[in-house]
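Step one of this worksheet: look at the structure below.
The values are calculated or read from the model by the stated rules, or taken from the named source; none is laboratory data. No experiment lies behind these values; they were computed from the predicted model shown. Every residue, glycine as well, gets a Cβ built from its backbone with ideal geometry; the counts of neighbours run over all protein chains shown. When the accessible area is computed, the model is the full protein with side chains, heavy atoms only, and any ligands, DNA or RNA have been set aside. Shrake-Rupley method; radii C 1.70, N 1.55, O 1.52, S 1.80 Å.
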Amino acid sequence: MKFNSYKNLVNASKEAHKKWRMIPAPQRGEIIREFGNELRNNKTELAKVITEEARKIVSEAEGEVQEAIDMCDFATGLSRQLYGLTMPSERPDHRLQELWQPLGVVGCITAFNFPIAVFAWNFCLASVCGNSIIWKPSPHTTKCADAIKRIWDKVADEHKELVIILNGGNQEAVALCEDPNIPLISATGSTKMGKELAPLVSARLGRTLLELGGNNAAIICSTADLNLTVKGVTFSAAGTTGQRCTSLRRAFVHEEIYDEFMDKLHAYYATLKIGDPSDPSSQLGPLISKNSFDDMQNTLNALKNKDVKIYGGHRLELGDLEEFYVMPAIVEVSKIEDEMLEETFAPILYVKKFSDLKDAIHMQNNVKQGLSSSIFTNDLKESELFLSSEGSDCGIANVNIGTSGAEIGGAFGGEKDTGGGRESGSDSWKAYMRRVTATVNYGSELPLAQGVEFDEN
Ligand code: UN1
């Protein structure tokens, strides 16, 4: 259904929420289960749309649909587990309890690189919690959004408008953020975008759930299994053509194994199959746009006169394939360069030697962003230090796994310039609800809390 104005669209979403919130949560979960089953039935076709628009390789596109299916399963179970605590009341014949209620309309802004999964993180939780959603997809991936909407409409019966798509760019995002009818804005994208939008929401005291830029690092210790490490590093740094918010940007490598690691890394990079993402043998597709390519080249050009060694990074001419295919870049640095402090959304991996783990942890944390991090080690003391309060300051900290490719069961998100939001698993659902503290007096007296007396004398 088309709406002839933004106002009508928001009103339709509000009405959809009002109808939906009356349905018991476990029944809402059943509809999400059916949605998940339809995603299963259409996995291959949906993955094709992802490959067509976001230019992801087949396996990753299918993995992304799987991520959405997993979210449906998770949310179906969650629909019976929206628990509120009951606390002992200090007063006789009183009950003190938390109730969780839906917020209403959730505004959801998503990026091109996970055109379906990030919507699913938000929608599956928001919907079992009783909310409706207005989804502004990336202008690069509107067909993915339309395909999802068609599947939702198939299972939604009278609740089709629980999902309403608002296509557009910055203007539409601003409209959502300024709209007091939308209590929560969940936005995924660059830190720049988040810093522009968040003040609009907070000016009206609305809530935000932000999943913004990362600048993810891996620390490779001397005891690491280097074959496993090189695989993990390559998947995270070069995979998805460096276009995940969790992509690996920086590697700190212990001096004892530095040369061996670099030899293995170069050898592994040399085997990468870069080509048409719809060819199942391709491991890397193109960058999403000329802008992304220009950003990558500008960063590499700025590094050229510095004390660094650059490998790869150039455009690959692949027959008649016209898009921006690149050889992923490796940049060896001897000191921290300014370029390493910013996120370039392209496959550039900076590598630096370290000798002391605490220094490496400091370098890892010493950036504005705080999304994902990894340590590769077989030394328990090292991995435990990394996971301690003196360790990684990121929302995601992995041991012997790259920085990307998180499962849905954990809470996903990060600190500092990454925005602080948590989506997907664990108790992230609480962000989509309002908490009501209810105190019920079932006695015939009115005792006051803290022993306060208010009797007429
Ligand atoms: C993103 O790039 O915005 O952990 C999300 C991962 C994926 C999600 C990435 N599960 O890499």
Task: Rough spin-label spacing in nm, given labels placed 7 Å along Cα→Cβ, for A302 and Q27 - done: 5.6
Task: Cα coordinate range in region 216-399, projected on the principal axes (Å, largest first) - done: 52, 32, 30
TODO: Taking the chain as the reference, fit the longest principal axis to its C-alpha atoms, fit the long axis of helix 58-78 to the helix C-alpha atoms, and give the angle between the two in degrees, 0 to 90, nearest 10.
DONE: 20
- [ ] Roll a 1.4 Å probe over the protein chains and send me the accessible area per residue for the chain in Å².
- [x] 45
TODO: Work out how far the C-alpha atoms of region 380-426 reach from end to end along every principal axis, then list the three figures in whole Å, largest first.
DONE: 30, 22, 17
Open item on the list: Checking the a/c ratio against 1.5 first, then a/b against b/c, what shape does the Cα gyration tensor give for region 340-457?
Closed with: prolate
- [ ] Distance between Cα centroids, region 216-277 to region 288-350: provide it in whole Å.
- [x] 15
- [ ] Give the share of C-alpha pairs in each 5 angstrom bin for region 1-151, from 0 to the last occupied bin, in whole percents, shortest bins first.
- [x] 2, 9, 16, 19, 18, 14, 10, 5, 3, 2, 2, 1, 0
- [ ] Grab the DSSP H runs of the chain that are 4 residues or longer, score each as -39,500 (n - 2.57), total them, divide by all residues and round the 222 nm result to the nearest 500 deg cm²/dmol.
- [x] -12000 deg cm²/dmol
- [ ] Please get the size of the charge dipole for region 1-140, origin at its Cα centre, with Cβ charges of +1 on Lys and Arg and -1 on Asp and Glu, quoted in debye to the nearest 20.
- [x] 600
Task: Scaled radius of gyration (Cα, divided by 2.2 N^0.38 Å) that region 189-294 gives - done: 1.39
- [ ] Find the percent of Cα-Cα distances in region 302-380 that exceed 16 Å, and round it to a whole number.
- [x] 62
Task: Beta bridges by DSSP in the chain, antiparallel share as percent, to the nearest 5 - done: 35
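Relative contact order for the chain: what percent, with Cα pairs under 8 Å and sequence separation of 6 or more?
Once divided by the residue count of the chain, the mean separation gives 18 percent.
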TODO: Taking the chain as the reference, fit the longest principal axis to its C-alpha atoms, fit the long axis of helix 117-128 to the helix C-alpha atoms, and give the angle between the two in degrees, 0 to 90, nearest 10.
DONE: 10
Task: Equivalent ellipsoid dimensions for region 405-447 as semi-axes, Å, which come from the Cα gyration tensor, largest first - done: 38, 13, 7
Open item on the list: Can you divide the C-alpha Rg of region 167-248 by 2.2 N^0.38 Å and report the result to two decimal places?
Closed with: 1.54
TODO: Taking the Cα centre of the chain as origin, sum charge times position over the Cβ atoms of Lys and Arg (+1) and Asp and Glu (-1), and report the length of that vector in debye to the nearest 20.
DONE: 1060
- [ ] Over region 86-171, consider all pairs of different Cα atoms and compute the Kirkwood hydrodynamic radius from their mean reciprocal separation; express it in Å, one decimal.
- [x] 14.7
- [ ] About the Cα centre of region 22-92, how large is the charge dipole given +1 on each Lys and Arg Cβ and -1 on each Asp and Glu Cβ? Please answer in debye to the nearest 20.
- [x] 280
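Calculated FRET efficiency, N291 and A267, Cβ-Cβ r, R0 30 Å, to nearest 0.05?
So the FRET efficiency works out to roughly 0.40.
Return the ratio Rg/(2.2 N^0.38 Å) for the chain, where Rg is computed over Cα atoms only. Walk me through the intermediate numbers first.
Numbers: Rg = 24.2 Å, N = 457, 2.2 N^0.38 = 22.6 Å.
Expressed relative to 2.2 N^0.38 Å, the Cα Rg reads 1.08.
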